[in-house]
Amino acid sequence: MKWVPKLLAAAAFAQLVSFGAAQAGENLEAVKSAGALKIGTEGTYAPFTYHDESGKLVGFDVEIGEALAKKLGVKAEFLEGKWDGLIAGLDAKRYDTVINQVGITDERKKKYDFSEPYIASKAVLIVKADNTEIKGFPDLKDKKAAQSLSSNFGKIAADAGAELVGTDGFDQSIQLVLTGRADATINDSLSFLDFKKKKPDAPVKIAAEQANADYSGVIIRKGEPELLEAINKALAEIKADGTYDTISQKYFGADVSK
């Protein structure tokens, strides 16, 4: 009667598959039942997520999170935490998702699922507005580039033959370019857009940008395909109805999804 154990095994497998499918859709239903999408975020990372002068949590990612939650028919509930433990909070089920300019990497994709990309950032070459010598990355040869020495941007500048002038980050790098103590800096396109949004008259410009972009997405736990599909649908909707562009223009003066 060897067929009996086989039938029992098949039935058990079918039950397991059914249970797995139920579990997979459980979180989306829980979100809708609770009436809130719980979002992990830093709250200290302008212009993406930070507190304004009144103490209110604001920022590009905050408004994106609110817009996505609205499309899901729920409210956005933000839970703040330090970056080092932010994504790990998903494992502990402190929140449903993290929206905090989380880069989509192959390593992270092994453990988590990402929405379609909603932020694209590129390495850009920044020079003074009146600089006519530096038009591309190869023109950095024998020029001074203000860079954080441990960053990928510093490596790009060094590979182009630039003499590196060490800095603490974007703000200091820009200041060295403005004061003429450096000829250029290679930095993140989003940081530059944020800077120009706040200081539109600053005499600096982008001379060139890398073709390849780094992308960020909304990150969730694996095994929640219904929630992922709902978030992707909401993202598509806020792009189609102009909500995304309005938020992007507000914080960056440009569409940062491209």
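The values are calculated or read from the model by the stated rules, or taken from the named source; none is laboratory data. As the structure is a computational prediction, the values presented were derived from the model and not from experiment. Note that each Cβ is placed from the backbone with ideal geometry, even for glycine, and that neighbours are counted across all protein chains shown. Surface accessibility is based on the protein's heavy atoms, side chains included, excluding ligands, DNA and RNA. Shrake-Rupley method; radii C 1.70, N 1.55, O 1.52, S 1.80 Å.
Out of region 98-125, which residues are among the charged types (D, E, K, R), surrounded by fewer than 17 Cβ atoms within 10 Å (Cβ to Cβ) and not in a loop (DSSP other than H, G, I, E, B)?
Result: 106, 107, 108, 109.
Kindly establish whether residue 179 is of a type in the set (Ser, Thr, Tyr) and over 20 Å from the mean Cα position of the chain (by Cα).
Details: of a type in the set (Ser, Thr, Tyr): yes; over 20 Å from the mean Cα position of the chain (by Cα): yes.
Answer is yes for this residue.
So for region 185-201 (the condition being farther than 27 Å from residue 63 by Cα, over 18 Å from the mean Cα position of the chain (by Cα) and modelled with pLDDT of 95 or more), does at least one residue qualify?
Of the residues in region 185-201, the ones farther than 27 Å from residue 63 by Cα are 185-186.
Now drop any that are not over 18 Å from the mean Cα position of the chain (by Cα), which leaves 185-186.
Of the ones still in play, those that are also modelled with pLDDT of 95 or more are 185-186.
Among the residues of region 185-201, at least one is farther than 27 Å from residue 63 by Cα, over 18 Å from the mean Cα position of the chain (by Cα) and modelled with pLDDT of 95 or more, which makes the answer yes.
Within region 52-73, can one find any residue that is open to solvent by 60 Å² or more (accessible area, probe 1.4 Å) and in contact with a helix residue (DSSP H, G or I) (Cβ under 7 Å, 6 or more places away or on another chain)? Walk me through how you get there before you give the answer.
Kept after step one, since they are open to solvent by 60 Å² or more (accessible area, probe 1.4 Å), are these residues of region 52-73: 53-54, 56, 66, 70-71, 73.
Adding the requirement that they be in contact with a helix residue (DSSP H, G or I) (Cβ under 7 Å, 6 or more places away or on another chain) leaves 71, 73.
Yes, because at least one residue in region 52-73 is open to solvent by 60 Å² or more (accessible area, probe 1.4 Å) and in contact with a helix residue (DSSP H, G or I) (Cβ under 7 Å, 6 or more places away or on another chain).
Specify which of the listed residues (50, 45) is more than 22 Å from residue 221 (Cα to Cα) and in contact (Cβ under 8 Å) with a residue 24 or more places away in the chain. Lay out the reasoning, then the answer.
Values: 50 fails: in contact (Cβ under 8 Å) with a residue 24 or more places away in the chain.
The match here is 45.
So how many residues does region 64-97 have that are of a type in the set (Asp, Glu), more than 23 Å from residue 233 (Cβ to Cβ) and not in a helix (DSSP H, G or I)? Explain how you work it out, then say what you get.
Step one: of region 64-97, the residues of a type in the set (Asp, Glu) are 66, 77, 80, 84, 91, 96.
Now restrict to residues that are more than 23 Å from residue 233 (Cβ to Cβ): 80, 84, 91.
Next, from what is left, pick out any that are not in a helix (DSSP H, G or I): 80.
Adding up the residues that qualify gives 1.
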